[in-house]
Structures are given as C-alpha cells and as structure tokens.
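So the structure is just underneath, and the comments pick up after that.
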Amino acid sequence: MTSMAILIDEKTRVLVQGITGRTGAFGTRAMLEYGTKVVAGVTPGRRGESVWGVPVFNSVEEAVKEVGPIDLSVAFVPAPQVKEAVIEALRAGIKTVVVPAERVPLHDILAMVSYAKSVGARIIGPGSLGLISPGKASAGWIGGARELIEESFRPGNVGVISRSGGGVTTVCWILSQSGLGISTAVHVGTEPVIGTTGAELLKDFQADEETHAVVVFGEIGGLMELEMAEVIKSGDFRKPIVFYIAGRMLPSGMRFSHASAIIERRADTAEYKEKVLEEVGAYVAKKPTELATITKEILKR
Amino acid sequence: MVRLYEYQGKQILRVFGVPVPKGYVISAVDEVPKALEKIGQSVAIKAQVLATGRMKAGGIRFASSVDEAVLVVREMLGRKIKGVAVEKVLVEEKLDIRKELYLSITVSDSYKVKGPILLFSTEGGVDIEEVAEKHPEKILRYPIDYAKGIDAAEISEHLVRLGLADTVDGLVDIALKLYEASKRYDAHTVEVNPLVLTRDGRLVAADCRITIDDSSVFRHPELGIEVPRDVARPLTDFERIAWKIEENDYRGVCYFMQLVDDVDEVAKGGYIAFHGIGGGACMLASEALLRRGFKLATYLDTSGNPTAFKVYRGMKIALALPGIEGYCLAGAVIANQEQWYHGFAIVKAFKEYSRYRPGFPASILIAGNKEAETHKIIREGLSGLPLRWELYGRERVLDVDFIADRFSKLLDEYRSEGPKTLGNIVDFVKAKRPSEDELKRCLWFKTSTGGEVYVDLGKCIAPDCGFACVKACRWMGTGALKIEKGRPALASRDPEALRRLCTECLACEYFCSSKGGNAINIVVPVYGLEDVVKKHIHLYG
C-alpha cells in the first residue's frame, strides 16, 4: 500500500471536541475553509446546534453513532478538563487525538498517554497547534487564515516536525518561499511530556513515499532531538534530515515559555544537541533560513 | 517545575511514612537551644535554598554543641548561597552513616517511557548523572507502568541482584511511598539523595528534592506556592503580579520573567524590555539580540491566541520596570493566530506610555495571520504619538539582525537627546476611570477579568462613525454591543451575559477613536502594579 502524507489527508474524518467554544469555533472554521472533512462536533448539553454547519452532539459516543466512524479528534478543551475529553474520544475508538491545550497537569498527561498506548491510539500534543498535509487537510488551528496557509504551506515532499507553534508555520513558510513544498507538518506540542515525539514521527516519515526529506525546528531542553539522533543512527530513518535548534544563549535552569524548554542537564543545550546530530549524519542549520537552502541543496542531489 | 525546599519535601515524606531525620526549621539564632534540646547535641545544619550543590557552597555544616550550633546558624542566616540569601535553616540529627544510596521517582519525556521512572543507585550522595555515566551497573532504571503502578515483586528482584538483599523490604516500602507521594502531589520529581542506611540498620531520607509540575499547582493550595515558575531564585515583585494575569485565564499565554532579577540594576540603565510572540519566536529573537550585545531586562511571551487584555497587561508590567530604555516586540515567527489583538494592546499601552516617556524607542516586528490588518491598526494607532517607533512584517521575520541594527540607532538617538520622563510612573500604571459626572452619561459593564468598559453617550458621535464600536465588537469579539434607536447599546441587561459576550479584545475602543470619537474608555487594571511601582518609586527618575 502506498502511504501519502502522514496522520491526516483529504479522506480523514474529523471531530471537534469543544466545538462551541471561542477557540473550538475558530479552529473549526479554519479547518473547514481548508477543506478538512469535519463531520461532527461535541459540547456536552449542546446537541442539536450547529457550528459553521457542523452538527453538535452531547458526547463522542453519540457523534460516532450518528455520523459514523471518526478517524481523528481535535480536543479544543481547556487544560483542567482535557484529560476526560481525550479519554472519552479514545474510548469511542478514535485513533488520533490532537490536543491544543497548554498548561495541562502533568499526571493528567501521563494518564491519557498511558491510556492511548493501551488502546493503540496516538495523541498529538498537548500544547500542539495541530498538523497539516498541504493541499489535503489540516487539524487544529495551524496556519490560521486561508491566505496565510496558502502562502506558508505549499504541497510538496518535505516533512516538517516542530516543537514551536510559530516555528512550524515559519519553517513551512521559509520552505514554501524557496520553492519547496511540504508533505505533512506536525507541531508536536510544548508540554513536558507529549503523546507523539519526533522520534516516532521519523518512522512515519520514513514509511511515507511522498516525503523525501525532513526538516526539524528543535529547541533547547528535553530529549527529543537526541532520541531522533538515535533513530537516525539505528537506521530506522534513512532520508535526509535538517535540524535547527532554537534557544542558544538563554541561561540554563530557567524555563522559557514552553514547559519543555528548560535546560536541566549538560545534554540538552543547543550546542550538545547539534554535535550529536552532526555525528549521526544529520544536517544542522545555524540560522532558520538555512533550513531551506540546505534542504534544496540535498534534494537536488 | 516548582522546586520545594528540603524541609517542605521532608514534611511530605513524613506524611507518607518515609523516615526522615529528626529536625526543626528555624529562622533565628535564639531558636537553636530549643531545637538541640529536642534533637541532641550532634547536628547537621542545612541552609534552605533552592540551588543545588549546597555542600560545596558551605550550605551544609555540622556542630556538636549548642555553642557551636549557634555560631554556625548565625553565620549561615542572611549570608548568600549561590546569590540567594538564606532565610531559614534546617537543624537535624546527625546520622550515623553506614552507606549512602539514591532513590528517585521522576517523569521522563523519553518516547520509550512517557511516564514515571524509578531510579535507584547503590551509590548516593553524589551526582547521579555521573554515576550513570561511569558505573551503569550500579543503577536500577525501572519505568513505571502508569496504569498499573510499581510491581513490588519485580523491583525486589532487581534490588536483590544489586546486592541489597538485607534491606530490600525497606527499600521497596520507601519506593512505593515515594511514588504515592509523587502522584498525590503532581510531582515531576521526588528525589532522595542520599538515602542513608545508618549503622543501626535504619533507612532514612537524609535529603529530599521535590519538584511540583507548574500546571498542577492550582490543585495544591496547601503547598502555599504563590507563583509556579521554575527559577532557583525568589521571584521579583513584578513576576509575582504578572502571574496573576495568567493564573485563572486559560485564553492564551502571558509568560513574564525578568532576565535580570535585580530591579536596582535595571534602573541603572542600558536595558531594554523584550517581548516575543510564542516560545519559538522568543527563543529565535532573544538569541539574536543577546548575540548582538543587547541587555534584555525582560522575557515576555504573549501567545496562543491571548486576549488583548492579556497582552496589554503583560506590556504594562514590562514597561513599568524602572529605567527601561527601549521596547522590542520580536514576533520572529509567522504567527498562526490573528494578530490584531496584539495590535490593539500595543496601541493602548503606548498611548499611555508615550505621554509618560516621550521619544521612547519601540521596535515592533509582527507577522503572520491578519498581518496587513494588524499593521494598519498599529500604524494608525501610533501615528502622531511622541514615540520613536518602527514596524516590520514578514519580509523581516527572520532578519532580526537588521531589526537589531535599526533598533540600536533608535536607542542611540533616544539616549543622545537625554531620555525624559514627564509626569509620574504611578499615573501610567493607575487605572483611569470616568468622573462621576461622566459616569452618569455612560453605559458600562464589567468584563470577566475585572476590566471595565465605559461607553460615554455624551461623547458618542454615532451614527457619523458608522457605529464603528458595534461593528468591531461583532467582527473581532462576540457582540457585547448592539445598535438600539440609532445609538450603541449593551447587548444584554444581564451582567453575567455581558461578561461572557465580551472577549476583552479592545477593538471597540480602538475603532471608536480611529473614527474620531472619544466615547469608549476601557479600564484594564493590572492588579498589584501600582503598589509595586510605589515600593520602588525611588528608582524612577
């Protein structure tokens, strides 16, 4: 079977949890404008309403019963309540759940990630802006308005993984402006533990025929880039890959915006990560703009 | 992660039944004799600071009489350890050590784990990372299945294999209790290093470091954590009030830190207020500015689709720092969310600030969703203000170096003409409400975070303005205003309904003013800011 793009495409049937809220409605409109198949929404007690033409149900179970199978849910639910919403979606059989909320209590994250694993499902986030397979579909509120999405996310063959929400759109914008295009771009999320990390996505991108190279917007702190280096070294990922690591020169022992971006160990500074990545044969851009020049150069070969 | 003091951690351990040394926290020398009466003459005296490496810094000392203990405590209290003054010391029984072990439960972000890990080492009292590197055979690394918890039989086997058959039951018991405590307190880490095996065969937690997850602090009022921020120093007054903006408002982020915590140092001059939009942008831009030698006093991040109120409040705190010589908003990414809320906040903040500090340099980079509209708002809103500002968009989004050069020039100009302040900082931070006479002509309501929206019908120029406020409210908000009998009106009589309908976007005030009106005044209080600037008033020129 040929796989084209990862996680989402034009056939993916999408649910929005918290669809009647300020961000839920905003995200729904953006997804619909982009052509995503948003088939249902959920807000407890609001059955019978509709948001931008999408029918609203009281529960995920009810939505699945009424509209049929759902592949992916975006849980636009505030942090203190998001665990229940995610587990509800997983229980109803949904296999991919995108979680935009930030400041989710850590042990709530652990509980939902553990539950997802037990049912063979995936969580993207928490703290994820979402993901997009350009020209096909988007989930979350990635890219925002239509005109910005078209300018920033041209369809193509570069997979993008980012730890920053602004970073994902910026990287795609740089690539698109330079004439390259994107197969799928994923913002993995900003929380201290996330459902799907870069190391796992590399395996998806390896399997995706549409993806010829991967570009990563990394950050200081955490293990993600180092574990991606392990995957590259092991041979499970064999396509060209280019990294940029943000946060150089910031003092250690302090958290900077993203809960995941705190330097705690010798091994999570930008300099150390770059060294390890170069050792396993990854390309490292010293400036974000170099992400495009290096990738172009590689794909020409 | 919020770090707890050793004594707080030990209180938690005690509650969960983990043995800790007999000890007392004291903050004055005259409490020493009483403490030793209860503990005995041979004691360890430990400075309660959050920094690690206390031993080397002289923060852990021993005494064997009351006189000696008094001397040590007197020396320790008030002195600085790694830059932080010691306010409390923990006086504890000195343990008779046979062996030092290590035990912790910590959450791992590894994709292979994504959960808690139990770490045990037969070598404690030293840096665990070093042991892990040099002697991996001394370490037990046991990922805990979150759904099932710790399997006591399984870790017993591992511990026996490490040569700990004699104490295995005690160790397993402590491990289970630490895990229980970590779940109960939403901990990121519960670490006991060293876990001491005494000569008489007891296991005692000689030290304890617990970090609580930032995002879970609201569930633990009993810990008395005022601000969940991960810093190894006490928080500044400005940081404390900044957290209040964020505390109960989940609409986007307003993350404020001082990169220079000493306000007196900032007031000496040479510093700028740094503001970014999103973690990625902040990291990209701050590293570019730091590389070029700029001195950043603040790290302010407003992102994730915050309300205009949130952005405005964060800016007010940053601008209220004494002696700031410039402001740099570096939205150095293509932002996904509609940026006009930032636009309204910037205009409102600088309308107020430029009156107080005319000629002030402000460099503004803002790119992404609704960039053109946002730029129009900022350009029109700032035009005519006594402010030295420049505005950039996506054409410069990754060219922070260019922006930095331009900003340097603005700063030089400002400095060379001699920065002036007019009026009083208190007037800048104070909320300005309508007078009693004006209030009689006003429609008004309270917003969800304590703001007040006043519509002065005496000054209203509708319909000449085309009902700019009502249109803006419908377009950018959710319609708290409506048109009634040819005048703007509130969309509901129910204060609760208005609180819900108003999304705190500031659009009505901006568009009323841009159409030549002056009828809308929105009061956005920044709680505590007035008191904080008054406390530091001697630092404002």
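Things to note:
- Cα extents of the protein assembly as shown along the three principal axes, largest first (Å): 89, 72, 54
- Hits among lysines - C-alpha to C-alpha of A:LYS11 under 26 Å, sequence gap 8 or more where chains match: A:LYS37, A:LYS65, A:LYS95, A:LYS117, A:LYS136, A:LYS203
- Kirkwood Rh (inverse of mean 1/r, distinct Cα pairs), region B:237-428, angstrom: 16.3 Å
- Cβ crowding within 10 Å ranks A:ARG238, A:ARG13, A:ARG103 as A:ARG238, A:ARG13, A:ARG103, fewest other Cβ atoms first.
- Whether region A:168-248 is rounded, prolate or oblate, judged on the alpha carbon gyration tensor where a/c under 1.5 counts as rounded: oblate
- From the largest down, chain A spans 56, 39, 34 angstrom on the principal axes of its Cα atoms.
- Calculated P(r) tail over 46 Å for chain B, as whole % of Cα pairs: 30 percent
- Restricting the trypsin sites (Lys or Arg not before Pro) of region B:1-75 to loop positions (DSSP other than H, G, I, E, B) with no more than 16 neighbouring Cβ atoms within 10 Å leaves B:LYS22, B:LYS56.
- Radius 15 Å from Cβ of B:LEU481, net charge of other residues (Lys, Arg +1; Asp, Glu -1): +4
- Proximal charge balance of B:ILE39 [Cβ under 11 Å; K/R count +1, D/E count -1]: +1
- Choice from A:ASP268, A:ASP236, A:ASP204 showing the highest fluctuation, given a GNM over chain A with Cα pairs closer than 10 Å: A:ASP236
- Remark: spin-label model distance B:ASN424-A:GLU61 equals 6.3 nm, labels positioned 7 Å along the Cα→Cβ axis.
- Taking only the C-alpha atoms of region A:1-105, the Rg (one decimal) and the largest Cα-Cα distance, Dmax (whole number), read 12.9, 42 Å.
- By the count of other C-beta atoms within 10 Å, a proxy for reagent exposure, B:PHE407, B:PHE294, A:PHE26 are ordered fewest to most as A:PHE26, B:PHE294, B:PHE407.
- Axial C-alpha extent at least 30 Å, average Kyte-Doolittle at least 1.0 - helices from chain B (DSSP): none
- Which of B:TRP389, B:TRP444, B:TRP475, A:TRP141 has the fewest Cβ neighbours within 10 Å, and the rest in rising order: B:TRP475, B:TRP444, B:TRP389, A:TRP141
- Formal net charge of residues neighbouring B:ARG14 (Cβ-Cβ distance under 11 Å; K, R +1; D, E -1): +3
- From helices alone, the protein assembly as shown scores -10500 deg cm²/dmol at 222 nm; the rule is -39500 (n - 2.57) for each run of n ≥ 4 DSSP H residues, then divide by the residue total.
- Region B:437-454 and region B:251-268 have Cα centres spaced 31 Å apart.
Read the figures in this text as sums done on the coordinates, not as results from a lab. As the structure is a computational prediction, the values presented were derived from the model and not from experiment. We place every Cβ from the backbone using ideal geometry, glycine too, and count neighbours over all the protein chains shown.
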